[in-house]
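The values are calculated or read from the model by the stated rules, or taken from the named source; none is laboratory data. Remember, predicted model here, so these are calculated numbers, not experimental data. Counting neighbours? That spans all protein chains shown, and the Cβs are built from the backbone with ideal geometry, glycine included.
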Amino acid sequence: PNMFSFIAIAMIFTMTHAIYQQTGLVFLGIVPYSGTNWGVMISAAERRAALFAPQAAASILAPIGAIVLFQLALVSFARSLDEVFNPRLRTSV
């Protein structure tokens, strides 16, 4: 029971690393493409020179923003789990 918070937090941080790795591998073209992947979206935006064309900026900012928001949600969830299960962080109600 005392280890649950550590296991849950480690699992969530492993998920964040897995998302970064999978997106990076698809972006580099090392793994097969599928249409529903943030790495594919970033790779397609990079092929359209979205980094240099202001009219195509949304095509690269959308998947990057989705990744950032998802990662922030996972980190917030991990932090709240730590507050719930860690007796040293609990506040008296």
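Residues considered: Gly39, Gly35. Of these, the only one that is more than 23 Å from Arg79 (Cβ to Cβ) and out of contact with any helix residue (DSSP H, G or I) (no Cβ under 8 Å at 6 or more places or on another chain) is Gly35.
Would you confirm, using the coordinates I've provided, whether Gly24 is in contact with a Ser or Thr (Cβ under 7 Å, 6 or more places away or on another chain) and part of a helix (DSSP H, G or I)? Outline the logic, then answer.
Numbers: in contact with a Ser or Thr (Cβ under 7 Å, 6 or more places away or on another chain): no; part of a helix (DSSP H, G or I): yes.
Judged against the criteria, Gly24 is not a match.
Here segment 1-47 is the region considered, the condition is being loosely packed, with under 11 Cβ neighbours inside 10 Å and hydroxyl-bearing (Ser, Thr, Tyr), and the residue that is nearest to Ser80 (Cα to Cα) is Thr14.
Of everything in segment 28-68 that's part of a loop (DSSP other than H, G, I, E, B) and aromatic (Phe, Trp, Tyr), which residue is nearest to Phe13 (Cα to Cα)? Before you say what the answer is, go through the steps one by one.
Narrowing segment 28-68 to residues part of a loop (DSSP other than H, G, I, E, B): 29-37, 48-53.
Filter again for aromatic (Phe, Trp, Tyr), leaving 33, 52.
Working: Tyr33: 25, Phe52: 33 Å.
Among them, the one singled out is Tyr33.
Would you call Ala78 closer than 16 Å to Gly39 by Cα and of a type outside the set (Phe, Trp, Tyr)? Considered against the rule, which asks whether it is closer than 16 Å to Gly39 by Cα and of a type outside the set (Phe, Trp, Tyr), Ala78 comes out as no. Scanning segment 76-93 for residues that are touching a helix residue (DSSP H, G or I) at 6+ places or on another chain (Cβ under 8 Å) and modelled with pLDDT of 85 or more yields one hit, Phe77. Among the residues making up segment 8-30, those that are over 25 Å from Ala57 (Cβ atoms), of a type in the set (A, V, I, L, M) and modelled with pLDDT of 85 or more are Ala10, Met11, Ile12, Met15, Ala18, Ile30. Would you check if there is a residue in segment 79-86 being within 21 Å of Met3 (Cβ to Cβ), in contact (Cβ under 8 Å) with a residue 60 or more places away in the chain and not in a helix (DSSP H, G or I)? So far as segment 79-86 goes, yes, one or more of its residues are within 21 Å of Met3 (Cβ to Cβ), in contact (Cβ under 8 Å) with a residue 60 or more places away in the chain and not in a helix (DSSP H, G or I).
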